[in-house]
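Colleague: Structure in structure tokens, see below.
Computed from the coordinates by the stated procedures, all read-outs in this text should not be read as laboratory data. The shown structure was predicted, so the numbers you read here are calculated from the model rather than taken from an experiment. Cβ: placed from backbone, ideal geometry, glycine included. Neighbour counts: every protein chain shown.
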There are 2 protein chains.
Amino acid sequence: MKLSTSEENYIKAIFKLQDLHNTVPATLLAAEVKTKAASVTDMLKKLYSKKIIHYKPYKNFTLTNAGKKIALDIIRKHRLWEYFLVHKLGMNWDEVHPIAEEMEHVNNPLLIQKLDEYLEHPCFDPHGDPIPDKNGNIRMVEQSDICSSPIKKTLTVSSIKDQSITMMDLLKHYQIKIGTKLKLVRKFDFDGSVEIKIEKLAPTIISNQVAKNIFCTQ
Amino acid sequence: MKLSTSEENYIKAIFKLQDLHNTVPATLLAAEVKTKAASVTDMLKKLYSKKIIHYKPYKNFTLTNAGKKIALDIIRKHRLWEYFLVHKLGMNWDEVHPIAEEMEHVNNPLLIQKLDEYLEHPCFDPHGDPIPDKNGNIRMVEQSDICSSPIKKTLTVSSIKDQSITMMDLLKHYQIKIGTKLKLVRKFDFDGSVEIKIEKLAPTIISNQVAKNIFCTQ
DNA sequence: TAAAAAGTTTAGACAAATCTAAAAATAAAT
DNA sequence: ATTTATTTTTAGATTTGTCTAAACTTTTTA
Ligand SMILES: [Mn+2]
Ligand SMILES: [Mn+2]
Ligand SMILES: [Mn+2]
Ligand SMILES: [Mn+2]
């Protein structure tokens, strides 16, 4: 069964939202795929007819197992291309997402197999997100956001939750990347902001909103 | 001005046919883009309104200079991706075309610039076709098909005109690739077939139809 | 040069994906 | 338990690219 680019984008978005918020409101999905609620309803009916989602009018919807498999395959392609763009073409991690958003729809299993081999089977994309293997398996990592990490231990930035352009911009300013080593110096109770010491840099303070989005391994 | 995948495919097809046959019949274009003559007319009107082709009903049509520029840019992307697929991912030259047919529509100038640098500015794709540079310039090569080449001189296969799957299949059987060294032993007047001697192989005979499609440099 | 053939365009329809505006169902608040 | 607010669905249009069948031009041929 071959799917349109639009269908694939919906499936990936449902997977993402399903993971984040347990129940997926159609309005949120509409925002995610940059469309209107009415269009979402149309697509939901189509995806239901293709057995990609469980769906009853006015009720919540979720991906079927088949749907999850498809989503993981698209995510795999997306992240492999992002890895390629950063580690082979030398692009920046904040400019590869929109390109991968298009490349992920090129459907050719041999291509992806060859790409995966060429990149030597990477496990994480440039934003620290895990790359599902060909069977859709994801290796999980023990990580916690900066706020919930222990004080004065060396932490390694492993992934970024909010990957918006504004966030990428802020991280560039702080000189924070995947792999950056830092220590949590202290937390301020007033606003939840935290002081951090990035290796080779002077200590700085980052807001609670930012700290919650930066995940680290110990 | 951003163009749809369909528009881009038409533009590329017109460029190709315009190069091959000087005048482009709509029916040929229909076959090339795998559609019907009526659909071609619709698209021609749209491309005319966007000043991509010169067009008067029932008259011949040709690409404007702007149209040629667009075509060359799509061809550049197509061939760079083919080069990548063969020389980096290790795919075969007979399986890359349909993939490049999709990748050529990913529109991001920085991506193509980086890809070109990564591949070290290749001049020819895996089928021996020239890759236009970023300004649309093509370096021409002195080459002639086997039939029109001199006898008993060492020739190097430089490009293949007909790149259909059936032709690729036949070339694989003959063990002919881009770069293959061969000699034209003799020509047979009866059917125009020719005897060739490929380096390290026993002499064989190839039909006129095949020989006309294999271009070589001396 | 008139009839036949070939090539091109129009007319009308359709599928996919989207939209706005209005109706219907569910959830929240009084 | 009603009323109000929010969310979701329908109804009807629109855009893009396609199709078939019929009409129209141009070219070929007799
Ligand atoms: Mn996408
Ligand atoms: Mn990513
Ligand atoms: Mn194409
Ligand atoms: Mn090629």
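Colleague: Enter the mean number of other protein chain beta carbons within 10 Å of the beta carbon of each residue in B:103-109, as an integer. Numbers along the way, then the final one.
Modeller: On the way: counts 5, 0, 3, 9, 2, 8, 0.
For this peptide, the per-residue mean of nearby foreign Cβ atoms is 4.
Colleague: Going 7 Å from Cα along the Cα-Cβ axis for the label, what nanometre distances separate residue A:209 from the same residue across the other copies?
Modeller: Nearest first, the other copies' label points are 6.9 nm away.
Colleague: Once you mark the GluC sites (Glu not before Pro) that are in a DSSP loop and have at most 11 other Cβ atoms within 10 Å, what is the longest gap between them in chain B? Kindly include the intermediate steps, with their values, before the conclusion.
Modeller: On the way: sites that count: B:120, B:142, B:199.
Formally, the longest exposed-site-free interval is B:1-119.
Colleague: Are there chymotrypsin sites (Phe, Trp or Tyr not before Pro) in the stretch B:94-176 that DSSP puts in a loop and that have at most 12 other Cβ atoms within 10 Å, and which ones?
Modeller: Numbers: sites: B:118, B:124, B:174; in loops: none.
Hits after loop and neighbour filter: nothing returned.
Colleague: The stretch B:1-73 to the stretch B:96-114: how many Å between their Cα centroids?
Modeller: Answer, in whole Å: 20.
Colleague: Using Cα pairs closer than 8 Å and at least 6 residues apart in sequence, work out the relative contact order for chain B, in percent.
Modeller: It comes to 15 percent, rounded to a whole number.
Colleague: Quick one: label points 7 angstrom along Cα→Cβ at residue A:169, distances to the other copies in nm, smallest first?
Modeller: 5.6
Colleague: If you don't mind, another one. How far apart are the residue B:154 label points across copies, placing each 7 Å from Cα toward Cβ, in nm, shortest first?
Modeller: Computed spacing set for this position: 5.9 nm.
Colleague: Only counting other Cβ atoms within 10 Å, I'd like B:19, A:116 sorted with the fewest neighbours first.
Modeller: Values: B:19 10, A:116 20.
Listed from fewest to most nearby Cβ atoms, that is B:19, A:116.
Colleague: For the stretch B:1-100, what does the relative contact order come out to in percent, with C-alpha contacts under 8 Å and a separation of six or more?
Modeller: Numbers: 83 pairs, mean separation 22.8, N = 100.
Computed value for the stretch B:1-100: 23 percent relative contact order.
Colleague: So which trypsin sites (Lys or Arg not before Pro) in the stretch A:31-85 end up in coil per DSSP with only 16 or fewer other C-beta atoms within 10 Å? Intermediate results must be reported in sequence, preceding the final value.
Modeller: Working: sites: A:34, A:36, A:45, A:46, A:50, A:51, A:59, A:68, A:69, A:76, A:77, A:79; in loops: A:34, A:36, A:50, A:51, A:59.
Of the trypsin sites (Lys or Arg not before Pro), the ones in loops of the stretch A:31-85 whose Cβ has at most 16 other Cβ atoms within 10 Å are A:34, A:36, A:50, A:51, A:59.
Colleague: While we're looking at this one, here's another question. Would you tally the net charge around residue A:106, using a Cβ to Cβ cut-off of less than 10 Å, leaving residue A:106 out, and scoring K and R as +1, D and E as -1? Working shown, then result.
Modeller: Values: positive: A:77; negative: A:102, A:104, B:101, B:102.
Taking every other residue near residue A:106 into account, the sum is -3.
Colleague: List the trypsin sites (Lys or Arg not before Pro) within the stretch B:131-218 that fall in a DSSP loop (any state other than H, G, I, E or B) and whose Cβ has at most 11 other Cβ atoms within 10 Å. List each step's numbers first, then the result.
Modeller: Working: sites: B:134, B:139, B:152, B:153, B:161, B:172, B:177, B:181, B:183, B:186, B:187, B:197, B:200, B:212; in loops: B:134, B:139, B:152, B:153, B:161, B:177, B:200, B:212.
Here the sparse-neighbourhood loop sites are B:139, B:152, B:153, B:200.
Colleague: In peptide B:188-201, what is the residue-averaged number of other protein chain Cβ atoms found within 10 Å of each Cβ? The partial results should precede the final answer.
Modeller: Details: counts 0, 0, 0, 0, 0, 0, 0, 0, 0, 0, 0, 0, 0, 0.
Partner-chain Cβ atoms within 10 Å, mean over residues of B:188-201: 0.
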